[in-house]
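One structure is given here, and the rest of the page talks about it.
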Amino acid sequence: MHKKKLPIGIENYKEFHDKSYYYVDKTLIIRDLLDLGGKVTIFTRPRRFGKTLTLSMIRTFFEMEHTENGSQADNCRYFEGMKILAAGKEYTCHMGKYPVITLSLKSAKQPDYQMAYESLLDEIIKEYVRHCYVLESDCLPEVYRKKYEAIMNHQAEPVAYAKSLAFLSECLAKYHHSNTIVLLDEYDVPLENAFFAGFYDQMVNFIRSLFESVLKTNDNLEFAVITGCLRISKESIFTGLNNLTINSVLSGNYGEYFGFSQRETEELLSYYQLEHQGKVVKEWYDGYLFGENNVYNPWSLINYIYHAMDYANGFPKPYWSNTSSNNIVRELIERADDQVQGELDELLAGRTIEKPVHEDITYDDIYKSQDNLWNFLFFTGYLKTVSLRFDGNRIFLTLAIPNQEIAYIYKTTIREWFDAAIRRDDFAPFYQALRAQDTGGIEEFINRQLSKSISYHDEAERFYHGYLLGILGGIGGYRILSNREQGLGRPDLILRPNNPAHTAFVIEIKQVKKFNKRSAACDEALTQIRENRYALELMEDGYEKVVCYGICFCDKVCMVKTETAYM
């Protein structure tokens, strides 16, 4: 049987039908939108959880769409076999009955305000062009026609663009004799980008004007659906908007419509004959809790299946991490004090932390409190809810890392940050202490550097090995060998000097879980060097002195012992 294609990066709902992509049926969100009756609904979910596709599907269902020849399109075929058609006539009677304005704001991710502003105008103009059929009728007064054409031709004043969505909804209502549905995608992208790029206030002012005019006291609005990753404070862009319903990852409704449920995931794996990979995908891509619904990351799961069909075992990868620069994780780590470092240690060890929740966030407030950063990480998908409790008027969340994929992002970002930090340090005192067999000096230098890092737990010894290899890389005059055969085994590190009159070094690394085990582990490392004759080849090659080091790490503290090798 010919398998349906996997929809990697496909966000247009019609494409799923026209090009035979696998679609996980989320059409009942239409039923819930009609039943719950919110005038303006904001859905905040992490990136790549199907928000854009959902808006495309909603548009396809409701839109009174016109074809190129001016006739009304029939989109019923795109919902054949879908759950919404079986929901009842009280829902299907709304199909194709409304004009729809749809606008994506993600193009505003630009380096300066003017470019971001112009990018948004381009999107608005495209929507005006899409609906330019209204100019062909007599429904619009001449003054409306001229204003419409000015906006469409990029010749209008800035105030016209600030109110352009409201004006377009009025024009559509006059033409169709029906109120307009407004769909706004990635509404927070311009604000996040503007904050980091330094023109936040300018962008807030424009977005506020654009949104308020179309969403507040707009008699031509049937309803609006807005999507984004983060819940932005009403005071920043939704001032005075009392008809706003915000649905976040903590909300009880709509939890099943973003991400894949366990049943949907099992059906997907079964369809592509990958049932045996259920445990792997659960460890790597499951773990998100939206309301009371446990869901998988759909982007990562689809990418995993796509690659697993080419490989027998289907090795998991952090696909979600490649969709963003993960700047906020880096910001958290680079600003981390001892308290935050300790909390990151807890999370990376598989444990939990508890934080008060702040659902309304303004970007100006992100760095005023570490709690705001934790909230940012939670609402954007880098942490999950384990449980919550009420204490007076505040909600406290118990938070954890959702899965192996997100743990990988934290660890990778931490490594990059830590590597950059140690490269900026002056290694001369360390090299001097190493040559002088000054164990106290070596310990002081390493412990100071490790105090800036986050613990690595499950892969600690490999981290410590890589760390020492990195800082020794600048010693000069030495060839460094890592895990090379020497004597009767493979010592961790050997420093072979270019000048045989200089000291050669053999380093064996150990890692223990308890501080009082460090001394014995250092002795064990030195014994291993002697018994496996790691220094013998160096001495036979004529190096005048060979110094052996046993270095033991426990969390962020090391102990060093040394001895000189003899024939």
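Considering only residues in the range 520-559 that are β-branched (V, I, T) and open to solvent by 10 Å² or more (accessible area, probe 1.4 Å), the one that is nearest to the chain's Cα centre (by Cα) turns out to be V557. The set of residues in the range 294-316 that are free of Cβ contacts under 8 Å to residues at least 40 places away in the same chain, farther than 16 Å from F378 by Cα and out of contact with any Pro (no Cβ under 7 Å at 6 or more places or on another chain) comprises H307, A308, M309, D310, Y311, A312, N313, F315.
Scanning the range 79-101 for residues that are surrounded by 17 or more Cβ atoms within 10 Å (Cβ to Cβ), in a helix (DSSP H, G or I) and in contact with a Ser or Thr (Cβ under 8 Å, 6 or more places away or on another chain) yields F79, I84.
The set of residues from the range 417-458 being in a helix (DSSP H, G or I), open to solvent by less than 10 Å² (accessible area, probe 1.4 Å) and among the β-branched types (V, I, T) comprises I442, I446.
Within the group I507, I551, which residue is out of contact with any Cys (no Cβ under 7 Å at 6 or more places or on another chain), assigned to a strand (DSSP E or B) and at pLDDT 95 or above? Steps first, answer last, please.
Numbers: I551 fails: out of contact with any Cys (no Cβ under 7 Å at 6 or more places or on another chain).
Within the list I507, I551, the selection yields I507.
The set of residues from the range 346-373 being out of contact with any helix residue (DSSP H, G or I) (no Cβ under 8 Å at 6 or more places or on another chain), assigned to a helix (DSSP H, G or I) and under 25 Å from S321 (Cα atoms) comprises E346, D371. Of all residues in the range 379-416, those being outside any loop (DSSP other than H, G, I, E, B) and either in contact with a Leu (Cβ under 6 Å, 6 or more places away or on another chain) or within 15 Å of W320 (Cα to Cα) (or both) number 17. Identify, by number, the condition in (1) over 20 Å from N293 (Cβ atoms); (2) exposed (fewer than 15 other Cβ atoms within 10 Å of the Cβ); (3) in contact (Cβ under 8 Å) with a residue 24 or more places away in the chain that W374 doesn't meet. Looking at each condition in turn, W374 falls short on (2).
For the range 377-394, how many residues are among the aliphatic types (A, V, I, L, M) and open to solvent by 50 Å² or more (accessible area, probe 1.4 Å)?
Going through the range 377-394, the residues among the aliphatic types (A, V, I, L, M) turn out to be 377, 383, 386, 388.
Checking which are open to solvent by 50 Å² or more (accessible area, probe 1.4 Å) leaves us with 386, 388.
Total satisfying the criteria: 2.
Each row is one residue, and each column tells you yes or no for (1) without any contact (Cβ under 8 Å) to a residue 60 or more places away in the chain; (2) within 26 Å of Y272 (Cα to Cα); (3) assigned to a helix (DSSP H, G or I); (4) among the polar types (S, T, N, Q).
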| position | (1), (2), (3), (4) |
| --- | --- |
| L34 | no, no, yes, no |
| T41 | no, no, no, yes |
| R48 | no, yes, no, no |
| L53 | yes, yes, yes, no |
| F61 | yes, no, yes, no |
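Looking only at the range 503-519, count how many residues are open to solvent by 60 Å² or more (accessible area, probe 1.4 Å) and touching a residue at least 40 places away in the same chain (Cβ under 8 Å). Let's see the steps before the verdict.
The initial filter retains those residues of the range 503-519 that are open to solvent by 60 Å² or more (accessible area, probe 1.4 Å), namely 513-517.
Within this subset, residues satisfying the condition of being touching a residue at least 40 places away in the same chain (Cβ under 8 Å) are 513-515.
Qualifying residue count, the range 503-519: 3.
Report yes if I151 is within 34 Å of the chain's Cα centre (by Cα) and either aliphatic (A, V, I, L, M) or over 22 Å from E192 (Cα atoms) (or both), otherwise no. When the stated conditions are applied, I151 does not pass them. Answer with yes or no whether Q432 is at pLDDT below 90 and more than 40 Å from the chain's Cα centre (by Cα). Judged against the criteria, Q432 is not a match. Of the residues that make up the range 446-469, is at least one modelled with pLDDT of 95 or more and among the hydroxyl-bearing types (S, T, Y)? Within the range 446-469, not a single residue is modelled with pLDDT of 95 or more and among the hydroxyl-bearing types (S, T, Y). Among the numbered criteria (1) open to solvent by less than 50 Å² (accessible area, probe 1.4 Å); (2) part of a loop (DSSP other than H, G, I, E, B), which one does L121 miss? Here L121 clears every test but (2).
The values are calculated or read from the model by the stated rules, or taken from the named source; none is laboratory data. None of these values were measured; they are calculated from a predicted model. Ideal geometry is used to build each Cβ from the backbone, glycine not excepted, and the neighbour counts take in all protein chains shown. Remember, those area values only see protein heavy atoms, side chains included, never the ligands or the DNA or RNA. Shrake-Rupley method; radii C 1.70, N 1.55, O 1.52, S 1.80 Å.
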